[in-house]
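The values are calculated or read from the model by the stated rules, or taken from the named source; none is laboratory data. Everything numeric in this text was worked out from a predicted model, so none of it was measured. Here the Cβ is made from the backbone with ideal geometry for all residues, glycine too, and neighbour counts use every protein chain on show.
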Amino acid sequence: MEIIVASSIGVLTAGGVYLLLRLRTFPVILGLALMSYAVNVFLFASGRLAVDQSPILSRYGEATYTDPLPQALVLTAIVISFGMTAVLVMIGLGAFLEADSDRIDIEPEDDDAENERSA
Amino acid sequence: MHWIILPVILPALLAPLIAFAMRHDITLARTASVAGTALLLAIALGLAVLAADGTTHVYRLGDWPAPFGIVLVLDRLSALMVLLTSSLALVVLIHAITTGWDAKGRHFHALFQFQLMGICGAFLTGDIFNLFVFFEVLLIASYGLMIHSGGKDRMRAGLQYVVMNLAGSTLFLFALGTLYASTGTLNIADLAVRIPEIPIGEAALVRVAVILLLIVFAVKAALFPVQFWLPATYANAPAPVAALFAIMTKVGAYAILRIHTTAFGPGSPGTEDLAATWLFPAAIMTIALGAFGVLGARRLMPLIAFSVVGSMGTLLVAVAAFSPTATTAALYYMVHSTFAAACLFLVADLVVTRRGTDTLRPKPPTVQNGLFAALFFAAAIAMAGMPPLSGFLGKLLVLDALREPGFIGWAWTAILVGSLLTIVGFARAGSILFWKATATTGSATDAGAMVALPPPATTGQVAPVMLALAGLAALAVFAGPVTAYLGATSAQLFDRQGYVDAVLSPVEER
């Protein structure tokens, strides 16, 4: 259980970082999505791993329970990362349509061209 | 006492109202936005008066007691930051309206209010996860503002900015997960109780979380080596937005001050050395980088952006000492540099819209060359830290606070040489823009193709710059009372027990 969760977080993060460094819009969006999945699983695991237990205190008897707080945190994180990905896709699309290029890094500006034009 | 939540509620209610009900009527949206921001300023003044007696006010959301529910905490530092935000916002908003920037795209005022909501919330919250949420609120509004009115370069710089911050947010969540796994709480006061109990031998996981949080806040504060997003972002953002962003870097500095002092700061054997060890060299590098950037910039907007990087370095050098005296100096410099940076961006906007380009090349003078030269000169000496404006006093306070043997060599060299380079950079930019302009009147015939001279700046367009400059002058004139207040602020910040007692005190029965 632990090894599966830990390795899946690791693989997702590694893949996310690799894609993030591709510096083109589409891989970067995918990379950020992978990293947000990884961090969601990570947050979920931060309240310790427990199988088949409900996140509420039982009034009847000594039933054990799992920590409910990380679940609330994950819910917030999922909503935010989902919204942010949507915004990123829109901005990426806008930048692609404006600049006709999907590169994230900005090449050094051409000062000479500017000089030619204004001189 | 529902006053404390008003700086969050007011913009949060106003923004959707502007977006839905007033989107077709720019006059109505402008009126509502200015009224809302003025009201926010009034509330912030009220909160500052409320916090001035030194008590830490706590607002329990849903009346849940502290470690279980989310709390908003108002102490002198939070009140100061909210006041700084709202006064800057009003100045910037007037500029955006009188220069017509707000009408160049859609939903400027709604996004502006959402941005204020996020910033005020980040300054008031007493819970780190809640801080993350407010960070996201202010970031998502800033994405919209950053690409306001569009354009190729702005969209691409905006995309870079968004990707950078989304990666930062992911890192923030990893840090929070690690912190929660190792301490079981995310409430700042509760952390301040539990972290000191962790001996150094068992603090490995917490130390990882502390460093991760430091990196996240360093991204926001544009600290070396994660400052590279700032110049492109600020240089390509619409000028009023860049001026408002002057407070965004301070959110990062505030978070370092609050979290790394109250929760992980002096008195916690496991974590107290971390932030100071890493922050100091990074801040020194940031000063150097900002100074060289100012010297090497070939366009006006990146030049100002690099001077912002340099000022963040100076601010964080003082923060890195983690002592009450140095923090007083840091707070004074923070107030100063916020207004100085905003002022420079606003002046630059007035100049650049009339010159047509922000390249640092001699061009024929445009209208009101003398007025703009004077305003730029005043703003530049404020930013570079020359008398008589408050930048000089701010840097003097920082230098004075860093006289311990461990700091003095690096800090004094970096700040003094950095200031000199910044002065040279600004002098060069100013003389190219304004002096050489008058010398090249011969080429004005080339500009005969230009149909008409751009319109001169109206009183309304110059007023915000004047207001900001007056604020800087007042900060210098009333430096005595201001530093006394800031001294009390930093004393309260370092009084961890007072903070913990106020936040974790049991709820009285009603």
Query - Sole residue being closer than 28 Å to residue B:291 by Cβ, at pLDDT below 85 and not in a helix (DSSP H, G or I), chosen from B:388, B:456 - result: B:388
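Just to be sure I understand, how many residues within segment B:221-231 are buried (at least 23 other Cβ atoms within 10 Å of the Cβ) and either touching a strand residue (DSSP E or B) at 6+ places or on another chain (Cβ under 9 Å) or under 19 Å from residue B:169 (Cβ atoms) (or both)?
Looking only at that region, the number is 5.
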**Report entry** Within segment B:479-510, considering residues that are charged (D, E, K, R) and more than 12 Å from residue B:262 (Cβ to Cβ), the one modelled with the lowest pLDDT
**Finding:** B:510
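Determine whether residue B:463 is touching a helix residue (DSSP H, G or I) at 6+ places or on another chain (Cβ under 6 Å), of a type outside the set (Phe, Trp, Tyr) and under 30 Å from residue B:350 (Cα atoms). Break it down stepwise before answering.
On the way: touching a helix residue (DSSP H, G or I) at 6+ places or on another chain (Cβ under 6 Å): no; of a type outside the set (Phe, Trp, Tyr): yes; under 30 Å from residue B:350 (Cα atoms): yes.
Answer is no for this residue.
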Requested in this report: Enumerate the pairs (first residue in segment B:178-198 and on the phi > 0 side of the Ramachandran plot and within 11 Å of chain A (Cβ to nearest Cβ); second residue anywhere and surrounded by 20 or more Cβ atoms within 10 Å (Cβ to Cβ) and at pLDDT 90 or above) with beta-carbon separation below 9 Å, excluding pairs fewer than 6 apart on the same chain, so at least 6 apart or on different chains.
Outcome: B:184/B:190
Query raised in the report: Restricting segment A:27-80 to residues that are outside any helix (DSSP H, G or I) and more than 23 Å from residue A:2 (Cα to Cα), which is nearest to the other protein chains (Cβ to nearest Cβ)?
Result: A:57
Report summary line: Within segment B:101-141, residues within 11 Å of chain A (Cβ to nearest Cβ) and over 20 Å from residue B:175 (Cα atoms) come out as B:140, B:141
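Being in contact with an Asp or Glu (Cβ under 9 Å, 6 or more places away or on another chain) and modelled with pLDDT of 90 or more narrows it down to one of A:47, A:83, so name that one.
Of A:47, A:83, the one residue that is in contact with an Asp or Glu (Cβ under 9 Å, 6 or more places away or on another chain) and modelled with pLDDT of 90 or more is A:83.
Here is a check on your reading of the model: is residue B:352 out of contact with any His (no Cβ under 9 Å at 6 or more places or on another chain), in contact (Cβ under 8 Å) with a residue 40 or more places away in the chain and surrounded by fewer than 24 Cβ atoms within 10 Å (Cβ to Cβ)?
Numbers: out of contact with any His (no Cβ under 9 Å at 6 or more places or on another chain): yes; in contact (Cβ under 8 Å) with a residue 40 or more places away in the chain: yes; surrounded by fewer than 24 Cβ atoms within 10 Å (Cβ to Cβ): yes.
So residue B:352 fits the description; yes.
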Query raised in the report: What pairs come up if the first residue lies in segment B:10-23 and is within 10 Å of residue B:111 (Cα to Cα), the second is small (Gly, Ala, Ser) and assigned to a helix (DSSP H, G or I), and their beta carbons are under 6 Å apart, counting only those six or more places apart or on different chains?
Result: B:15/B:110; B:18/B:29; B:18/B:32; B:18/B:110; B:19/B:110
Report summary line: Given the conditions (1) buried (at least 24 other Cβ atoms within 10 Å of the Cβ); (2) farther than 19 Å from residue B:313 by Cβ, every one holds for residue B:254 apart from (2)
